[in-house]
Amino acid sequence: MIIADFSNYKIVASGGGRKLEDWAGVKLLRPDPQAIWPQAFDFETHPGLHAVYDRNADGGGRWRTLKPFPAEWTINWEYGGIRLKFKLKPMGFKHTGLFPEQAVNWRRIIDIIKRAKETDDKGVSAARQINVLNLFAYTGGATLAALAAGAAVCHVDAAKAMTERAGENADLSNLLRGGLRLIVDDCFKFVSREIRRGKRYDAVIMDPPSFGRGPNGEVWKLEDGLPGLISECAKLLSGKPLFFLVNSYTTGLQPSVLSNLLNVGLKGFGGSTESYEVVLPTEERGIVLPCGASGLRIFNIENS
C-alpha cells in the first residue's frame with residue numbers, strides 16, 4: 001500500500017541508511033534502517049537542509065541544526081472532504097510527531113466508519129454511535145481520522161507528552177473533543193480494566209512499538225505481548241464490530257504474520273483479513289521506502 005496524499009510532505013532521496021525529507025518546507029535528514037541501497041549523492045550537501053539526526057554508537061542520537069527553522073510547525077492531510085492538521089517538531093529518537101505512511105490506513109478507517117454510519121443492515125439511514133479504541137496511539141493520526149469520520153475515540157498511550165499532542169492536533173483540525181477520551185496508561189493494563197468494566201468497542205486500532213516501557217516501568221516486547229493483547233482486545237469487541245487494525249514497524253515481521261495473529265486472535269468473529277506492506281513514494285525513479293506492515297480484519301459491515 002502506497003500513499004501520496006500529503007501535498008506538503010515528500011521524500012526527496014533515500015539510501016545509505018538515511019532518508020532526506022521535506023516537511024512543509026523544513027528539510028530533515030534522518031536514519032532509516034530499511035534504506036540500505038547506495039545513496040545517489042551526499043545528502044548533507046542538499047540545498048536548504050535544516051537539520052540532521054546523528055545516530056550514536058549506542059543506538060541513541062541527537063539533532064544537529066544546519067539552518068534555522070521553527071521550533072514547531074504544521075502539516076496538513078486531506079481526504080474525502082476531511083482536512084487534518086498536525087503539529088511537528090524534531091523530538092528524541094529521530095521522531096517528528098507524525099508517521100505519514102499511516103495515511104493509507106487513515107483512508108481505510110474513514111471509509112469504513114462513514115459507510116457504517118450511513119447504512120444499517122436494512123440499507124437505510126442509521127444514526128449509529130461508533131466507538132473506537134486506539135492503543136499505542138502516539139500523536140493521534142488514526143484517532144483524528146476516526147473522530148473526523150464521526151466516531152467516538154478512546155485514545156491510549158503511555159507517553160503523556162504524545163497524548164497531549166494528540167489533543168492539540170484535534171484542536172488544530174477543528175475537531176470537537178466531546179467524542180474524544182485521552183488516556184495516559186499502559187495499554188495492556190488499560191485493556192484489562194476495560195474488560196472488567198464491561199466496555200465494548202466497535203473497532204480496535206493498535207500501533208505497538210517493537211519495545212517500550214510504560215509510565216511505571218512496565219516492559220513491552222512486541223513478540224511476547226502482541227498475541228495476548230489481540231486476544232484480550234477481542235473481548236472488548238461489540239456485538240456488531242467493524243474492524244480491527246494492527247500496525248507494526250518491527251523489522252522482519254512479515255505482513256502474513258499479522259494476518260495469522262488476527263485470524264487466530266479473532267477466530268469466531270467472521271469477516272476477512274488482509275495484510276500489506278506500507279511504503280512511501282520518493283522523488284527517485286523506481287524507489288519506494290518500506291515503512292512496516294499492517295493487518296486489517298474487516299467484519300461484516302452490512303450486518304453491523
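The values are calculated or read from the model by the stated rules, or taken from the named source; none is laboratory data. Please read all numbers here as calculations on a predicted model, not as lab measurements. Neighbour counts run over all protein chains shown; Cβ positions are idealised from the backbone, glycine included.
Against the condition in contact with a helix residue (DSSP H, G or I) (Cβ under 6 Å, 6 or more places away or on another chain), within 22 Å of Glu78 (Cα to Cα) and not acidic (Asp, Glu), how does Val191 come out, does it pass? No.
When region 235-253 is examined, which residues are found to be crowded, with 18+ Cβ neighbours inside 10 Å and free of Cβ contacts under 8 Å to residues at least 40 places away in the same chain? Within region 235-253, Leu237 is the sole residue that qualifies.
If you go through region 110-127 one residue at a time, do you hit one that is over 25 Å from the mean Cα position of the chain (by Cα), basic (Lys, Arg), closer than 23 Å to Ser238 by Cβ and at pLDDT below 95? Yes, region 110-127 has at least one match. Go through (1) under 30 Å from Gln39 (Cα atoms); (2) part of a loop (DSSP other than H, G, I, E, B); (3) in contact (Cβ under 8 Å) with a residue 24 or more places away in the chain for Glu277 and report which single condition fails. Failing condition for Glu277: (2). Counting only strands (runs of 3 or more DSSP E) that fall entirely inside region 21-136 and contain at least 3 residues that are in contact with a strand residue (DSSP E or B) (Cβ under 8 Å, 6 or more places away or on another chain) and more than 18 Å from Leu242 (Cβ to Cβ), the qualifying elements are 26-31, 49-55, 61-65, 73-79, 82-88. For region 15-40, the set of residues classified as at negative phi and more than 20 Å from the chain's Cα centre (by Cα) consists of Arg18, Leu20, Val26, Lys27, Leu28, Leu29, Ala35, Ile36, Trp37, Pro38, Gln39, Ala40, listed by residue number. All conditions but one from (1) more than 24 Å from Tyr79 (Cα to Cα); (2) in contact (Cβ under 8 Å) with a residue 40 or more places away in the chain; (3) basic (Lys, Arg) apply to Lys10; the one that does not is (1). Only residues that are at pLDDT below 95, out of contact with any strand residue (DSSP E or B) (no Cβ under 7 Å at 6 or more places or on another chain) and outside any loop (DSSP other than H, G, I, E, B) were counted in region 170-183, giving 2. Test Arg177 against the criterion of being in contact with an Asp or Glu (Cβ under 9 Å, 6 or more places away or on another chain), of a type in the set (D, E, K, R), surrounded by fewer than 21 Cβ atoms within 10 Å (Cβ to Cβ) and over 19 Å from Leu296 (Cβ atoms), and give yes or no. The answer is yes for Arg177. Picking from residues in region 185-205 that are touching a Phe, Trp or Tyr at 6+ places or on another chain (Cβ under 9 Å) and at pLDDT 95 or above, the one that is surrounded by the fewest Cβ atoms within 10 Å (Cβ to Cβ) is Glu194.
A quick yes/no check of all residues on (1) modelled with pLDDT of 90 or more; (2) crowded, with 18+ Cβ neighbours inside 10 Å:
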| site | (1), (2) |
| --- | --- |
| Asp224 | no, no |
| Leu229 | yes, yes |
| Glu232 | yes, no |
| Asn260 | yes, no |
| Gly265 | yes, yes |
| Gly268 | no, no |
| Gly292 | yes, yes |
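Say we look at region 24-38 and pick out the residues that are of a type outside the set (A, V, I, L, M) and more than 22 Å from Gly60 (Cβ to Cβ); which of these is surrounded by the fewest Cβ atoms within 10 Å (Cβ to Cβ)? Among them, the one singled out is Pro38. Search region 138-169 for residues being buried (at least 21 other Cβ atoms within 10 Å of the Cβ) and assigned to a loop (DSSP other than H, G, I, E, B), and hand back the single one that is modelled with the lowest pLDDT. Among those that are buried (at least 21 other Cβ atoms within 10 Å of the Cβ) and assigned to a loop (DSSP other than H, G, I, E, B), it is Ala158. Tell me, yes or no, whether region 272-286 has at least one residue that is basic (Lys, Arg), closer than 23 Å to Glu194 by Cβ, loosely packed, with under 15 Cβ neighbours inside 10 Å and out of contact with any Cys (no Cβ under 6 Å at 6 or more places or on another chain). The answer is no; no qualifying residue exists.
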